[in-house]
Amino acid sequence: MLKTVVSEIAKRIVVIVFVITGTFLLVRAAPGDPASFIAGEAASGDPEYIDYLRQQMGLDRSLPVQLGYYFRNLASLDFGQSYREGRPVFDMIAERLPNTLILAGAAFILALVMGTTAGFVAAVHRGRWIDRCISIGSVLFFSSPYYWVALLAILLFSGKLGWLPSHGTQTIGAGYTGIAAILDYLHHLVMPAMASALFTMAIYARLVRASMIDTANALFVKAAHARGMAPSRLWFRHVLRTSLLPITTMAGVQAGQLVAGTILTETVFAWPGIGRLMYDALGSRDYNVVIGVFIVTSVIVILANLLVDILYRFVDPRTRAA
Amino acid sequence: MAGPVLEVRDLFVSLRREVPIVDNVTFSVEAGKTVCLVGESGSGKSMIANAVVGLLPGTRLAITGGDIRFRGTSLPELGPKAMRDLRGRRISMIFQDPTSALNPVRRIRTQFDEVFSAHGVEPETGREARMRQLLELAHLPNPRRILDAYPFELSGGQRQRVMISMAMALNPDLLIADEPTTALDVTTQAQVLQLIEELKENFGTAVLFITHDFGVVAEIADDVVVLRHGRIVEQGPLEGVLKNPRNDYTRTLIAAVPHWHPRSGALDSDPLISARSLRKVFKGRFVALDDVSIDLLPGETLGIVGESGSGKSTFAKCLIGLEEPDDGELVVDGTDIMQLALPQRRRRRHLMQMVFQDPTAALNPRHTIGRTLMDVVRVNGCPRAAANDKVLSLLDDVKLDRKFADRFPHELSGGQRQRVCIARALAANPRVLIADEALSALDVSVQKQMLKLFEDLKKKRDLTIVFITHDLRVAAEICDSIVVMRGGKTLARGTPKDVLETDRHRYVEELLAAIPGQDWFSTGSAPSQLPTLEIAGQDNTHACQDSRLPPG
């Protein structure tokens with residue numbers, strides 16, 4: 001068991017190294033560099049000034065050398081300096097990461113709980129009106145572009161009804177402290193989390209429904225029925241439990257996507273997380289920030305998948321033996 | 001309590017407004033007796049069982065007439081709650097496939113314990129001991145290990161014993177067994193039949209047993225009900241039905257039990273395929289083939305006989321190249337193909353073709369029969385223009401109507417699907433046809449027809465056939481020579497006459513003893529070579545002596 005976990009982790013580390021190298025080269029391959037960008041902001045087209053900036057940033061050296069330095073620094077969690085703000089990238093990410101994790105985590109839990117519940121209800125009542133409503137709802141949610149849903153939600157809930165704040169993490173100038181500050185934060189969280197969750201939730205609902213209907217036809221369910229099990233016990237203990245296996249795999253993939261997807265949510269809702277940071281950095285060719293955010297996101301995605309793979313061994317005894 | 005445990009009267013089960021699937025069926029089961037419902041697939045026998053426990057599949061099937069009385073109570077009139085209370089407590093059921101009848105992701109203990117908790121009986125403290133006791137009654141050694149296990153960690157026979165223990169847990173009045181031994185090999189089948197018999201006697205349970213195999217019927221039935229197309233064609237005590245079957249269909253079913261005619265007279269020629277000292281080890285531990293040497297003569301039918309895990313399928317896979325032996329030679333037509341490069345080996349692959357056990361799983365459900373055959377015909381270099389005719393002639397060869405070319409597998413019966421699989425194997429123009437348990441999933445009467453088909457094809461196409469089976473009767477009837485395998489080794493080889501009669505290995509004795517219904521159908525294990533109907537009144541427990549575990 002421990003051996004497999006260690007070898008799984010080793011595999012992921014190799015993947016991370018590849019991701020870092022790939023990102024590094026990709027960003028450098030894009031036209032334009034931060035030196036010309038900063039020079040442009042300083043309204044200077046002087047080639048000597050640009051060369052000076054390049055030297056300062058180490059951009060004049062060959063790519064492999066730059067990459068080597070980058071890896072050496074990474075080992076001490078040094079993601080380099082932001083070219084634009086002159087601050088350590090690590091600090092900038094650390095500042096904003098909690099916001100992203102809270103948003104993605106909330107969206108993940110919402111999607112999982114609501115999606116599974118909807119799928120469960122639809123499967124139990126399949127063919128009836130409630131099943132149809134859930135099916136139509138899920139098709140609607142996963143076929144509408146999700147930033148569009150987000151914008152509509154802002155229009156309705158903050159514009160029209162005024163129930164929920166449209167952006168940010170706190171009411172500016174309110175100066176809440178303690179519990180009030182937490183409640184204020186949660187109040188701000190509702191809409192971005194819901195908007196991120198809807199798409200995934202719709203997928204879970206359909207997946208859980210299909211998987212449960214499949215399992216409900218299995219012989220072991222009939223056998224349990226023939227042993228006199230009550231319907232509730234059949235559905236919960238036999239059908240749901242077995243049907244959650246494919247959901248576990250899906251959840252791993254989705255968890256990563258939610259983190260990666262925050263770039264859109266955070267932009268629409270002005271949520272100060274790393275997605276928003278990435279968006280800004282991309283516009284200004286802030287290499288180190290872009291790569292830093294990218295690496296952190298990748299590591300989170302890879303870790304989420306690793307976690308699911310290990311979890312799966314516990315959920316499905318058959319994989320443990322293999 | 002007086003009167004029958006189960007009474008089925010004038011029962012009709014129908015799909016809405018259509019021809020009834022169960023048509024006017026009447027029979028009853030007494031305490032301590034076994035009634036066998038016999039018939040082929042589609043005869044309605046399982047429908048009757050489902051109707052009794054109130055688990056008719058789908059919402060469109062319903063009891064449209066008649067009554068089912070359990071201890072005098074009409075079951076169709078009971079509400080869901082009362083019915084649930086009966087299920088598992090007073091009426092239990094076991095199924096054909098013990099693998100899929102157990103929840104794959106929960107331990108046996110959890111599933112077993114549920115029987116008690118669902119019916120709110122047996123205080124929690126006593127359950128563990130009770131479960132162990134029940135497992136011991138089912139001759140499962142080390143019940144604690146079994147309770148801790150997940151279903152996939154047990155063998156097929158163990159799983160079925162667990163199912164039976166769970167069914168007997170609350171001492172039911174009626175046990176319904178729906179083909180419980182069809183998926184098991186012959187020795188395990190004998191043990192499970194024996195176990196049901198023992199439990200029936202210990203608990204005084206009434207047993208409703210569903211099967212298509214008259215061999216099994218002869219082994220365990222007190223009364224027989226023969227069904228065809230949902231109607232009873234014949235019913236009565238076992239002896240009467242077996243001795244004087246009044247109905248032609250019953251006679252066909254009885255005649256379909258393979259008879260005991262071991263062939264003698266060996267062929268003599270140079271081998272077409274010669275496997276020498278094959279060895280195959282899985283995961284560095286499990287030895288599937290251990291120094292196996294088998295010659296296959298041109299034009300012969302070679303039977304490879306053994307139980308699950310004996311290595312017979314692994315041998316077949318090595319022959320056709322689905323598995324790579326770790327060691328040994330495989331000489332085909334004078335060339336050791338193990339020494340050849342992959343492309344050269346691939347070019348020879350069409351020489352050997354395989355027919356698998358489960359024809360449903362072996363056919364792509366989304367391809368028509370025509371397309372399935374066409375693919376193989378084209379891959380083997382038949383020009384497009386001639387391919388269609390070739391497909392049709394293949395259907396002729398396996399005696400299927402040409403119109404099947406446009407049908408999908410689900411529109412065919414099991415026997416028809418297996419014919420398609422055979423046609424597909426023939427499409428490659430093989431010289432050797434390997435049938436891996438190709439008949440075990442089929443009804444006995446269909447088996448009979450398939451055996452005839454194999455014989456015909458062999459003559460017509462000059463085929464060499466490798467017949468892998470656990471059924472000694474079938475092997476004895478159609479094979480020119482037999483190899484007996486166990487634990488990856490060959491134990492015996494020779495003509496059926498030699499291996500099964502003249503020079504019998506002790507293990508062969510065990511296998512022979514396990515064949516069901518030998519008091520009625522001669523197997524060579526009984527003293528006489530002809531059907532020995534006169535000993536019918538005798539106690540029939542000796543049938544399983546060799547393989548039976550000592551009573552717990």
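The values are calculated or read from the model by the stated rules, or taken from the named source; none is laboratory data. Given the structure is predicted, the values throughout are model-derived calculations rather than measurements. All Cβ positions, even for glycine, are placed from backbone atoms using ideal geometry, and neighbour counts span all protein chains on display.
Just to be sure I understand, how many residues within the range B:102-117 are among the charged types (D, E, K, R) and at the interface with chain A (Cβ under 9 Å from one of its Cβ atoms)? Can you show your working first?
From the range B:102-117, those among the charged types (D, E, K, R) are B:106-107, B:109, B:113-114; that's our starting set.
Of the ones still in play, those that are also at the interface with chain A (Cβ under 9 Å from one of its Cβ atoms) are B:106-107, B:114.
Selection size over the range B:102-117: 3.
Any idea which of (1) out of contact with any strand residue (DSSP E or B) (no Cβ under 7 Å at 6 or more places or on another chain); (2) at pLDDT 90 or above; (3) aromatic (F, W, Y) is the one B:F203 doesn't satisfy?
In the conditions (1) out of contact with any strand residue (DSSP E or B) (no Cβ under 7 Å at 6 or more places or on another chain); (2) at pLDDT 90 or above; (3) aromatic (F, W, Y), B:F203 misses (2) alone.
Give me a count of the residues in the range A:185-220 that are under 30 Å from A:T169 (Cα atoms) and either facing chain B (nearest Cβ under 7 Å) or outside any helix (DSSP H, G or I) (or both). Write out each step before concluding.
Quick first cut of the range A:185-220, residues under 30 Å from A:T169 (Cα atoms) only: A:185-205.
Subsequent filtering for residues that are either facing chain B (nearest Cβ under 7 Å) or outside any helix (DSSP H, G or I) (or both) retains none.
Summing the residues that are under 30 Å from A:T169 (Cα atoms) and either facing chain B (nearest Cβ under 7 Å) or outside any helix (DSSP H, G or I) (or both) in the range A:185-220 gives 0.
Just to verify a result, which residue in the range A:36-73, among those that are in a loop (DSSP other than H, G, I, E, B) and either polar (S, T, N, Q) or modelled with pLDDT of 80 or more (or both), is nearest to A:V296 (Cα to Cα)? Spell out the reasoning first.
Here is the first cut: in the range A:36-73, the ones in a loop (DSSP other than H, G, I, E, B) are A:42-46, A:58-62.
If we keep only those that are either polar (S, T, N, Q) or modelled with pLDDT of 80 or more (or both) as well, we get A:44, A:62.
Values: A:S44: 34, A:S62: 25 Å.
Among them, the one singled out is A:S62.
Take the residues in the range A:135-150 that are more than 19 Å from the chain's Cα centre (by Cα) and crowded, with 16+ Cβ neighbours inside 10 Å; name whichever of them is farthest from A:F199 (Cα to Cα).
The qualifying residue farthest from A:F199 (Cα to Cα) is A:S135.
If you check A:A223 against the conditions, is it assigned to a helix (DSSP H, G or I), more than 15 Å from the chain's Cα centre (by Cα), assigned by TED's automatic domain parsing to the domain that holds A:R313 and within 25 Å of A:M212 (Cα to Cα)?
Details: assigned to a helix (DSSP H, G or I): yes; more than 15 Å from the chain's Cα centre (by Cα): yes; assigned by TED's automatic domain parsing to the domain that holds A:R313: yes; within 25 Å of A:M212 (Cα to Cα): yes.
Criteria met by A:A223.
Given B:V105, B:V19, B:V53, which one is of a type in the set (A, V, I, L, M, F, W, C) and crowded, with 21+ Cβ neighbours inside 10 Å?
Values: B:V105 fails: crowded, with 21+ Cβ neighbours inside 10 Å; B:V19 fails: crowded, with 21+ Cβ neighbours inside 10 Å.
The conditions single out B:V53.
Touching a residue at least 12 places away in the same chain (Cβ under 8 Å), closer than 30 Å to A:S158 by Cβ and of a type outside the set (V, I, T), is that true of A:L207? I'd like the intermediate steps shown before the answer.
Working: touching a residue at least 12 places away in the same chain (Cβ under 8 Å): yes; closer than 30 Å to A:S158 by Cβ: no; of a type outside the set (V, I, T): yes.
No.
Go through B:N50, B:N103, B:N142 for me and flag whichever is under 30 Å from A:F314 (Cβ atoms) and within 26 Å of the chain's Cα centre (by Cα).
On the way: B:N50 fails: under 30 Å from A:F314 (Cβ atoms); B:N142 fails: within 26 Å of the chain's Cα centre (by Cα).
Going through B:N50, B:N103, B:N142 in turn, the sole match is B:N103.
Please enumerate the residues belonging to the range A:74-97 that are part of a helix (DSSP H, G or I) and either in contact (Cβ under 8 Å) with a residue 24 or more places away in the chain or over 26 Å from the mean Cα position of the chain (by Cα) (or both). Don't jump to the end; show me each part of the working.
Initially, the range A:74-97 is screened for residues part of a helix (DSSP H, G or I), giving A:74-75, A:89-97.
Hits for the range A:74-97 are A:L74, A:V89, A:F90, A:M92, A:I93, A:R96, A:L97.
Matching residues to (1) over 21 Å from B:G311 (Cα atoms); (2) among the hydrophobic types (A, V, I, L, M, F, W, C); (3) in contact with a Ser or Thr (Cβ under 7 Å, 6 or more places away or on another chain):
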position: B:D396; (1), (2), (3): yes, no, no
position: B:D401; (1), (2), (3): yes, no, no
position: B:V432; (1), (2), (3): no, yes, yes
position: B:A435; (1), (2), (3): no, yes, no
position: B:L472; (1), (2), (3): no, yes, no
position: B:A476; (1), (2), (3): no, yes, no
position: B:D480; (1), (2), (3): no, no, yes
position: B:K489; (1), (2), (3): no, no, no
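Answer yes if at least one residue in the range B:123-136 is part of a loop (DSSP other than H, G, I, E, B) and within 13 Å of chain A (Cβ to nearest Cβ), and no otherwise.
Going residue by residue through the range B:123-136, those that are part of a loop (DSSP other than H, G, I, E, B) are B:123.
Subset that is within 13 Å of chain A (Cβ to nearest Cβ): none.
Scanning the range B:123-136 turns up no residue that is part of a loop (DSSP other than H, G, I, E, B) and within 13 Å of chain A (Cβ to nearest Cβ).
From the list B:D406, B:D471, B:D480, B:D401, pick out the single residue that is closer than 28 Å to B:C382 by Cα, in contact (Cβ under 8 Å) with a residue 24 or more places away in the chain and acidic (D, E). Walk me through it before giving the result.
On the way: B:D471 fails: closer than 28 Å to B:C382 by Cα; B:D480 fails: closer than 28 Å to B:C382 by Cα; B:D401 fails: in contact (Cβ under 8 Å) with a residue 24 or more places away in the chain.
Only one candidate passes the filter, namely B:D406.
Of all residues in the range B:400-417, which are exposed (fewer than 15 other Cβ atoms within 10 Å of the Cβ) and under 28 Å from the mean Cα position of the chain (by Cα)?
Applying the first criterion (exposed (fewer than 15 other Cβ atoms within 10 Å of the Cβ)) to the range B:400-417 yields B:401-403, B:406, B:410-411.
The answer is B:D401, B:H410, B:E411.
Looking only at the range B:426-455, count how many residues are among the acidic types (D, E), at pLDDT 85 or above and under 19 Å from B:H259 (Cβ atoms).
The total comes to 1.
When you go through A:T169, A:T100, A:T116 one by one, which is the residue that is closer than 30 Å to A:N305 by Cα and assigned to a loop (DSSP other than H, G, I, E, B)? Walk me through it before giving the result.
Details: A:T100 fails: assigned to a loop (DSSP other than H, G, I, E, B); A:T116 fails: assigned to a loop (DSSP other than H, G, I, E, B).
Just one listed residue meets the conditions, A:T169.
When you check B:T495 against the structure, is it out of contact with any helix residue (DSSP H, G or I) (no Cβ under 7 Å at 6 or more places or on another chain), of a type in the set (V, I, T) and surrounded by fewer than 18 Cβ atoms within 10 Å (Cβ to Cβ), yes or no?
On the way: out of contact with any helix residue (DSSP H, G or I) (no Cβ under 7 Å at 6 or more places or on another chain): yes; of a type in the set (V, I, T): yes; surrounded by fewer than 18 Cβ atoms within 10 Å (Cβ to Cβ): no.
Criteria not met by B:T495.
Kindly evaluate B:I254 against the criterion of being out of contact with any His (no Cβ under 6 Å at 6 or more places or on another chain), of a type in the set (A, V, I, L, M) and over 30 Å from B:S41 (Cβ atoms). First the steps, then the outcome.
Details: out of contact with any His (no Cβ under 6 Å at 6 or more places or on another chain): yes; of a type in the set (A, V, I, L, M): yes; over 30 Å from B:S41 (Cβ atoms): no.
Against the criterion (out of contact with any His (no Cβ under 6 Å at 6 or more places or on another chain), of a type in the set (A, V, I, L, M) and over 30 Å from B:S41 (Cβ atoms)), B:I254 does not qualify.
Let me confirm something: among A:T319, A:T248, which residue is among the β-branched types (V, I, T), within 14 Å of chain B (Cβ to nearest Cβ), surrounded by fewer than 17 Cβ atoms within 10 Å (Cβ to Cβ) and touching a residue at least 40 places away in the same chain (Cβ under 8 Å)? Show your work before the answer.
Numbers: A:T319 fails: touching a residue at least 40 places away in the same chain (Cβ under 8 Å).
So the residue among A:T319, A:T248 that is among the β-branched types (V, I, T), within 14 Å of chain B (Cβ to nearest Cβ), surrounded by fewer than 17 Cβ atoms within 10 Å (Cβ to Cβ) and touching a residue at least 40 places away in the same chain (Cβ under 8 Å) is A:T248.
Name the helices (runs of 4 or more DSSP H) wholly within the range B:1-118 that hold at least 3 residues that are in the same structural domain as B:E153 (by TED's automatic domain parsing)? Write out each step before concluding.
Numbers: elements: B:45-53, B:80-86, B:108-118.
Per the criteria, B:108-118.
Identify, by number, the condition in (1) in contact with a helix residue (DSSP H, G or I) (Cβ under 7 Å, 6 or more places away or on another chain); (2) part of a helix (DSSP H, G or I); (3) within 14 Å of another protein chain (Cβ to nearest Cβ) that A:M229 doesn't meet.
Result: A:M229 passes all but (2).
Considering the range B:71-87 alone, what residues qualify as being within 14 Å of chain A (Cβ to nearest Cβ) and out of contact with any helix residue (DSSP H, G or I) (no Cβ under 6 Å at 6 or more places or on another chain)?
First, pick out the residues of the range B:71-87 that are within 14 Å of chain A (Cβ to nearest Cβ): B:75, B:78-87.
If the condition is that a residue be within 14 Å of chain A (Cβ to nearest Cβ) and out of contact with any helix residue (DSSP H, G or I) (no Cβ under 6 Å at 6 or more places or on another chain), then B:L75, B:L78, B:G79, B:P80, B:K81, B:A82, B:M83, B:R84, B:D85, B:L86 are the ones that fit.
On the given criteria, is B:T99 more than 13 Å from chain A (Cβ to nearest Cβ) and of a type in the set (V, I, T)? Even if it seems obvious, please write down each step before you answer.
On the way: more than 13 Å from chain A (Cβ to nearest Cβ): no; of a type in the set (V, I, T): yes.
For B:T99, the condition - more than 13 Å from chain A (Cβ to nearest Cβ) and of a type in the set (V, I, T) - is not met.
Would you check which residues across the range B:180-214 are closer than 16 Å to B:Q160 by Cβ, of a type in the set (D, E, K, R) and surrounded by fewer than 22 Cβ atoms within 10 Å (Cβ to Cβ) and list them?
Matches in the range B:180-214: B:E197, B:E198, B:K200.
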